[in-house]
Amino acid sequence: MASNNDTIGKTITVALLLCIVCSVIVSGAAIALKPAQIANKALDMQRNILSIGGLAEPGESLSKSRVEELFGQIEEKYVDLATGKFTDAPFPNYDQNKAAKDPKFSTKLDGAVDIASIKRKQNVATVYKVVGGENAGRLILPVNGYGLWSTLYGFVALESDLNTVAGLGFYAHAETPGLGGEVDNPRWKKMWVGKTIYDTDGSVVAKVKKGSVNPAIEAEKLHQVDGLSGATLTSNGVTNLIKFWLGGNGFAPFLKNYKAGEA
């Protein structure tokens, strides 16, 4: 008499074997693809740095070879934010965003200081120094801060005077499309180019204005950009992250040392 292959035990066994086989295939694929994913993530970050730093033409589609060519003009450096001087990366393949979440590699911020609402600040920041081409002397600094719905991660590029903005942009955020998401609008990003961060006394005065800038008012013409319509909290968030990261608790000590040749 033939055995019954439709028993509950055999059905469960087949299902378990199928799950195991599928798990092995998925895990194997994930492991095999991980190096490519890491490489693509690094390439995308380099594209953002080049674009925000003004080394690539607006809207230029950068191939891998073009990225490698342009990134040859950039030197990656590490800054100890406590001393304002160059240092070594804390560990291989250093990721400052991950470090900012790790108490071993970051500092908890007091509420009165934390105007960008980031909670923790990495002890060592990765910065990018343009050392070749017509833009040599520019510095590209990482910035982040909370908007309305999310933390905005981006870069601000400074000309060799360490005061004039060469570019500003964000590579990650979850702000509302059409409102706070207009931080991605090329027209708005272009408004930052040529603005100056500091006043004559060294105070951070660059900001996003509520409404439109009046070019007849010198302070607005020099330091401010138009607000994002319908996105006051995102606009305030951008102002706050600029004020924090270019101020005394961010890169200001480093910029002072760098300008004096003491970094």
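No value in this document is a laboratory result; all are computed from the given coordinates. The structure displayed is predicted, hence computed values, not measured ones. Note that each Cβ is placed from the backbone with ideal geometry, even for glycine, and that neighbours are counted across all protein chains shown.
Using 0.36 nm per residue and subtracting the Cα-Cα separation, the extra length available between residue 31 and residue 262 on full extension is 78.7 nm.
Sorted from greatest to least, the principal axis extents spanned by the alpha carbons of the stretch 73-259 come out as 46, 36, 30 Å.
Could you work out how much longer the chain between residue 161 and residue 193 gets when fully extended? Use 0.36 nm per residue separation minus the Cα distance between them, nm to one decimal. Write down the numbers at each step before the final one.
On the way: separation 32, 0.36 × 32 = 11.52 nm, distance 1.36 nm.
Additional length available on full extension: 10.2 nm.
Projecting the Cα positions of 263, 222, 124 onto the charge dipole of the chain (unit charges on Cβ atoms of Lys, Arg, Asp and Glu, taken about the Cα centre) puts 124 furthest along the positive direction.
Each of the peptides 142-152, 61-71 was scored by the mean count of other Cβ atoms within 10 Å over its residues; in descending order, highest first, they stand as 142-152, 61-71.
Spin-label pair residue 22-residue 185: with each label point 7 Å from Cα along the Cα-Cβ axis, the two points sit 4.6 nm from one another.
Would you mind getting me the FRET efficiency between residue 112 and residue 44? Use the beta-carbon distance for r and R0 = 25 Å, nearest 0.05. Please report the intermediate quantities before stating the final value.
Working: r = 36 Å, r/R0 = 1.43.
E(calc), rounded to 0.05, equals 0.10.
For the stretch 128-138, 3J(HN,Hα) computed residue by residue from phi via the Karplus equation (6.51, -1.76, 1.60; θ = phi - 60°) reads 10, 10, 7, 10, x, x, 5, 9, 4, x, 5 Hz, glycine and proline entered as x.
For residue 10 and residue 68, the difference between the fully extended length at 0.36 nm per residue and the C-alpha to C-alpha distance is 15.3 nm.
Please figure out what share of the DSSP beta bridges in the chain is antiparallel and state it in percent, rounded to the nearest 5. Counting DSSP beta bridges with both partners in the chain, the antiparallel share is about 95 percent.
The simple spin-label model puts a point 7 Å past each Cα toward its Cβ; for residue 136 and residue 203 those points are separated by 3.8 nm.
Packing, as the average of other Cβ atoms within 10 Å across residues, places the peptides 200-213, 125-138 in the order 125-138, 200-213, highest first.
May I ask which of 119/221; 121/221; 121/189; 41/190; 101/210 have a Cα-Cα span longer than 30 Å here?
119/221; 121/221; 101/210
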